[in-house]
Amino acid sequence: MTRLVVVGNGMAGARLVSEVRARDKDVRVTVFGAETWQPYNRVLLSNVVAGSMLADQVRLLDPAWYADHDVTARPGVEVTAVDREAQVVITADGEREPYDVLVLATGSEAIVPPVPGAGRAIAFRTLDDCQAILAAAGTARRAVVVGGGLLGIEAARGLAGRGLPVTLLHLAGHLMERQLDPEAGVVLGETLAGLGVETRTGVVVEEILDGGVRLAGGETVEADLVVLSCGVRPVTGLAVEAGLKVARGIVVDDEMRTSDPAIYAIGECAEHAGTVYGLVAPAWEQASVVADLVTGADKGARYRGSRLVTRLKAKSVELAAMGETHVDESSDTSAEVVRFSHRARGTYRKLVIRDGRLVGAILLGETAAVGTLTQLFDRGGPLPGDRAGLLFPGLAGAPVADSPVRMPDAAKVCQCNNVTKGQIRACWESGARDVAAVAAATRATTGCGSCRDAVEGIVGWLCEQEGVSA
Amino acid sequence: MKPLESTIGRMPTSLPVLTPVKAPTATHCPYCALQCGMNVAAGSEESGAGETVTITPRQDVPANAGGLCQKGWTAGELLTGGQRLTTPLLHGEPAGWDEALDYVADRIRQVQAEHGSDGVAVFGGGGLTNEKAYQLGKFARTVLRTSQIDYNGRFCMSSAAAASNRAFGMDRGLPFPITDLAEADAVLLAGGNVAETMPPFLRHLTAMRERGGSLIVVDPRLTATARQADLHLQPTPGTDLALALGLLHLAITEGHLDEAYVAGRTTGFDAVRTSVASWWPERVERITGVPVAHMRQAVAILGGAGRAAILTGRGAEQHAKGTDTVTAFINLALALGLPGRPGSGYGCVTGQGNGQGGREHGQKADQLPGYRKIDDPAAREHVARVWGVDPRDLPGPGRSAYELLDALGTAGGPRALLLFGSNPVISAPRAGHVTGRLGSLDLLVVSDLVMSETAAMADVVFPTTQWAEEGGTMTNLEGRVLLRRRAVTPPPGVRSDLEILQGLAVRLRGLFSGEHASAGADPARAFSTEPREVFDELRRASAGGVADYAGITYERIAAETGVFWPCPAEDHPGTPRPFLDGFPTPDGRARFVPVEHRPPGEDVDEEYPLYLTTGRVLAHYQSGAQTRRIAALNAVVDETFVEVHPDLAERLEVSAGQLLRVVSRRGVAEGVARVNPAIRADTVFMPFHWAGANLLTNPELDPVSRMPEFKVCAVRLERVG
């Protein structure tokens, strides 16, 4: 019987374990997790900071799940070495666990900038971090979040939602500079300002003080809670020491296999085709591929890379960014860029199109287009010729208000009983002067009843015309 | 008991143009599950070609309160049109009743001698009266002694039924009177287009909106119903389950969880909370295409409502994951604390005329009357006693509808089929294949009023009576048992299904043959042709079951304009709202069941890049066997069509009116293009009233309900010529 050992019980590792169990009841599964928490959903941590979910409500699996599914879970037990010769993993306590298949899902860790006083700040990465942030937020009067990427913005928004004034400090020239162009960054900053988050871009943090943050140039931003969200780096130490091939992440092929065929790597610690993914969707796709391969459910399963959609999860800030969003329009003539900007409303929409397909987009501010555009991007589907309709759904299909005057006689007024305006007019001409009389003669309005106003309008208009001509 | 009154007001109705020779008879429409009340007045004592029948809506039936759609208004043509079957047909030639019945009985004996009892199968319908559905199940189990019986309701209600049973311990479509909807503050309707399928239903929703309530419609198309909605969610076909999970996730995170209700009236919430935590709205948006902001709006409307209802229709249910989709919507309703609270709840919008009663009394493969399970020894004991047979002689569960049709004529499958009130050549999924299976039978017997496409294939056709020519009961979408009354005399030569079953029972005898210990009963008496006698037996058979009709009588139905089951005794008032005091589960609590989204059985790919979804149009009903024979309805639409978004039309260079070929892995169909921005650009729609749509559909089955995946499959479009 295959012995599967999984190192890492986060988004990727926990998903893998449940996907394996869904396919195969017999594989022996042991999963190690460095954190003592039950596996939890990192995506929802900003909800915990914002207060819409409690810490025990973001778990991925119920505690009873492991026993019910015959999986050995070792939360809080750190794996410190892999003996590839012997095919065993070794824990900090010296315990040895043999494997036939090993999956590394060690994830990534928060980058803490090397500035004096960094220890006074709280990184925003784990559920423990969230607990610490919440504890501090209870008494804090002002907060600073360092790092204006996706997570930093979500944390800032969450803290502001608790009524805490927040300053968001960002090194780059605009927020989320990897996903957004400068204008979008500015519009996002303005939206956040309306929600109680002050944004400072292009600033360098030099020291974390007891009561704030000192910037390059000497200015101090006051705060009694400092949260760091300065990016992450893959956790690869175990793989490096085991002699696996590691670049930025642990290098894997389309089967998610490392340079040792008995060892796979998935999630944020893995590097596939030169890319280390930092989002959950690719990690779950990878987990599914490995589950297919390990259990033999689908031996042809392969991971071919993911299209990236970044969706900010922050109340009252609607932002989606996907694919290629930085285009130099002056030099890149093969790209078609469609853009609409309305800063006063917090709206910015940009589509990047190549060969009639959507290859990138920024959608800031609420729009019904986001679902359709995400799906067109995901599937690489051909776009309609009318680009305006893409940005403003409903523009083309908006029904024209049918006034009784403009409506042609052939227009159907009552769908349920197939009655046209002409028939209602004829009915009126033979004496019907109200809806009841028209209904009795034509059956109009007697079905779903939704044409009642229209029939009333037509009868009223005909009566008015009569008055005019009389 | 005082009849429940309408909340939608009385409609102006037209007066009969003719002076009928008889007083009008108060009965109900022949079509959908709304069972609109109507008065039928015949121009003479006998109906038939050339006669006139006048129909006016009844004001006293709360479901329609004076409203009717065009199908209802024109239903009289069914009685007077010239396309009626009036004589049995044996291999296409007119035959006498005895000759035809003898032939069928002989052939059944031969087939069973060669292939065993299960060599003969029975297929029923959700349009049959309770009496016929009950009698059909009894006939199959006691006379044919076959386990092979199922019905077209499997294609209709089965997913919602399975989900309701597992959550509430009972499947009564709407567990509240329809008039409660007008009093709600919010209604979410997932996958239902009532404005076209049962137009007077919309009046209840309009009444709600006029009082300030909000309507949310979930549909991949901007349907006539969705146009009336305050909020329309337009998901990718096959993703309603993900949407429901996302809505529940938001309901929890936005603080709309009714914790006291969840703690006091339900079980299993923790597992559901954990599972939906993984369905955060941004993830759901990517799968469904429904913007997060719209999901938030929907949840705010539902969560902020004092009274709210969540309803599902076939759009959500006719999937290989339909049961789980309905479960996800029920979980949402439970989290919001709706089911079992006055004026609130979850309900399914039943489709066929007797779709509710038809699924309660034993024409389903796994079921005995009273919504009993055929593998439950106590149920077998009870029903066998009513039938006067030995429970050990009753067969066990048989194949579900599609599996049954798929097995016809195969090794180990039935070799003969008796079919009542259904037209699977048009209505079954992968219909080309099903037609082939029907063609491979040794014997196909069809009972119908007209020469349907399936009847046209039959060895023997029995001409049968229809709605206004017969009595009986129908149970509408509310679980209200109604009286169908005879308004006109059937044409000469036509017999009722009850008479046909008796005719076969006396010839075949089965368990009433005298060889059996329990025998002695006279098959002619065991198979009465009087609906009232059959109903009285049904009452006894259902007594003590989930769907308990014991206390319902024809007199009570007439006096009370319908009686809600369960009604265990004649002095019991009936049960309009069965969950108020508790749920009929062992512990009295409703059950949360964790479910997970998964993709449709067949997703789009390069070869088949579009989704096909199917549905109804206003002017037609089901396989169209009735409505396609009515001139006024054909004048509205008389051919199938393919609804295409303008963007897709532009890309494929298709214009309105052009003939299109729609190709799936299972077949090819043609239809005229209708270009309409109301549909998603990645989806095409075809109505299923004509041969075509179901040649394409996917027969992959739901693992619990055995519902085929009618509502989504992958196709490509080609221009013809």
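Summary of values
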item: Residue match in the range B:77-85 (condition: more than 24 Å from residue B:502 (Cα to Cα) and of a type in the set (Gly, Ala, Ser)); result: yes
item: The range B:202-225 residues that are on the phi > 0 side of the Ramachandran plot and assigned by TED's automatic domain parsing to the domain that holds residue B:310, paired with ones that are among the hydrophobic types (A, V, I, L, M, F, W, C) and part of a loop (DSSP other than H, G, I, E, B) (beta carbon under 7 Å, 6 or more apart); result: none
item: Breaking point among (1) over 30 Å from residue B:335 (Cβ atoms); (2) in contact (Cβ under 8 Å) with a residue 24 or more places away in the chain, for residue B:570; result: (2)
item: Filter result (buried (at least 24 other Cβ atoms within 10 Å of the Cβ), under 16 Å from the mean Cα position of the chain (by Cα) and assigned to a helix (DSSP H, G or I)) within the range B:135-168; result: B:152, B:153, B:154, B:155, B:158, B:159, B:160, B:161, B:163, B:164
item: Pair list, Cβ < 6 Å and 6+ apart or interchain, from the range B:57-69 residues that are in contact (Cβ under 8 Å) with a residue 24 or more places away in the chain to residues that are β-branched (Val, Ile, Thr) and part of a loop (DSSP other than H, G, I, E, B); result: B:57/B:13; B:60/B:561; B:65/B:8; B:66/B:13; B:67/A:446; B:68/A:446
item: Sole residue being assigned to a helix (DSSP H, G or I), within 11 Å of chain A (Cβ to nearest Cβ), surrounded by 22 or more Cβ atoms within 10 Å (Cβ to Cβ) and not aromatic (Phe, Trp, Tyr), chosen from B:245, B:250, B:241; result: B:250
item: Failed criterion for residue B:354 (all others in (1) on the phi > 0 side of the Ramachandran plot; (2) crowded, with 24+ Cβ neighbours inside 10 Å hold); result: (1)
item: Subset of the range B:281-291 (residues that are crowded, with 24+ Cβ neighbours inside 10 Å, under 16 Å from residue A:44 (Cα atoms) and free of Cβ contacts under 8 Å to residues at least 40 places away in the same chain); result: B:281, B:285
item: Unmet requirement for residue A:278, which otherwise passes all of (1) out of contact with any Asp or Glu (no Cβ under 7 Å at 6 or more places or on another chain); (2) modelled with pLDDT under 95; (3) under 21 Å from residue B:286 (Cβ atoms); result: (1)
item: Qualifying residue in the range A:33-51 (condition: within 25 Å of residue A:130 (Cβ to Cβ), surrounded by fewer than 16 Cβ atoms within 10 Å (Cβ to Cβ) and either within 14 Å of chain B (Cβ to nearest Cβ) or of a type in the set (A, V, I, L, M, F, W, C) (or both)); result: yes
item: Subset tally (residues that are assigned to a strand (DSSP E or B) and touching a helix residue (DSSP H, G or I) at 6+ places or on another chain (Cβ under 6 Å)) for the range A:207-237; result: 4
item: Selected residue (criterion: farthest from residue B:58 (Cα to Cα)) from residues of the range A:414-457 that are within 13 Å of chain B (Cβ to nearest Cβ) and touching a residue at least 40 places away in the same chain (Cβ under 8 Å); result: A:454
item: Complete set of residues in the range B:397-407 that are over 23 Å from residue B:690 (Cβ atoms) and either not charged (D, E, K, R) or not in a loop (DSSP other than H, G, I, E, B) (or both); result: B:397, B:398, B:400, B:403, B:404, B:407
item: Exclusive hit being at pLDDT 95 or above and more than 14 Å from every other protein chain (Cβ to nearest Cβ), set B:77, B:114, B:51; result: B:114
item: Qualifying residues in the range B:397-446 (those that are surrounded by fewer than 20 Cβ atoms within 10 Å (Cβ to Cβ) and aliphatic (A, V, I, L, M)) - the one farthest from residue B:615 (Cα to Cα); result: B:411
item: Unique residue being aliphatic (A, V, I, L, M), assigned by TED's automatic domain parsing to the domain that holds residue B:163 and under 16 Å from the mean Cα position of the chain (by Cα) when the list is B:187, B:194; result: B:194
item: Exclusive hit being in a helix (DSSP H, G or I) and either in contact with a Lys or Arg (Cβ under 7 Å, 6 or more places away or on another chain) or crowded, with 18+ Cβ neighbours inside 10 Å (or both), set A:151, A:169; result: A:151
item: Unmet criterion (only one of (1) at pLDDT 95 or above; (2) more than 18 Å from the chain's Cα centre (by Cα); (3) buried (at least 24 other Cβ atoms within 10 Å of the Cβ)) for residue B:389; result: (1)
item: Subset of the range A:254-295 that is surrounded by fewer than 24 Cβ atoms within 10 Å (Cβ to Cβ) and of a type in the set (Asp, Glu) - its residue that is nearest to residue A:125 (Cα to Cα); result: A:271
item: Test: residue in the range A:118-125 that is surrounded by fewer than 17 Cβ atoms within 10 Å (Cβ to Cβ), assigned to a loop (DSSP other than H, G, I, E, B), at pLDDT below 95 and not charged (D, E, K, R); result: no
item: Test: residue in the range B:325-335 that is in contact with a Leu (Cβ under 6 Å, 6 or more places away or on another chain) and either of a type in the set (Lys, Arg) or over 23 Å from residue B:582 (Cα atoms) (or both); result: yes
item: Test: residue in the range A:197-210 that is hydroxyl-bearing (Ser, Thr, Tyr) and surrounded by fewer than 16 Cβ atoms within 10 Å (Cβ to Cβ); result: no
item: Selection status of residue A:259, assigned to a loop (DSSP other than H, G, I, E, B) and either away from chain B (no Cβ under 14 Å) or without any contact (Cβ under 8 Å) to a residue 24 or more places away in the chain (or both); result: yes
item: Residue, nearest to residue B:472 (Cα to Cα), within the range B:513-549, restricted to residues that are at pLDDT below 95 and in contact with an Asp or Glu (Cβ under 7 Å, 6 or more places away or on another chain); result: B:518
item: Criterion: among the hydrophobic types (A, V, I, L, M, F, W, C), on the phi < 0 side of the Ramachandran plot, surrounded by fewer than 21 Cβ atoms within 10 Å (Cβ to Cβ) and more than 14 Å from chain B (Cβ to nearest Cβ) - qualifying residue of A:244, A:308; result: A:244
item: Residue in the range B:320-339 that is within 20 Å of residue A:45 (Cα to Cα), assigned by TED's automatic domain parsing to the domain that holds residue B:167 and surrounded by fewer than 24 Cβ atoms within 10 Å (Cβ to Cβ) present; result: no
item: Residues of the range A:356-374 satisfying the condition of being without any contact (Cβ under 8 Å) to a residue 24 or more places away in the chain and either under 12 Å from residue B:293 (Cα atoms) or surrounded by fewer than 20 Cβ atoms within 10 Å (Cβ to Cβ) (or both); result: A:371
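The values are calculated or read from the model by the stated rules, or taken from the named source; none is laboratory data. Remember, predicted model here, so these are calculated numbers, not experimental data. Cβ coordinates were reconstructed from backbone atoms using ideal geometry, including for glycine residues, and neighbour counts include every protein chain displayed.
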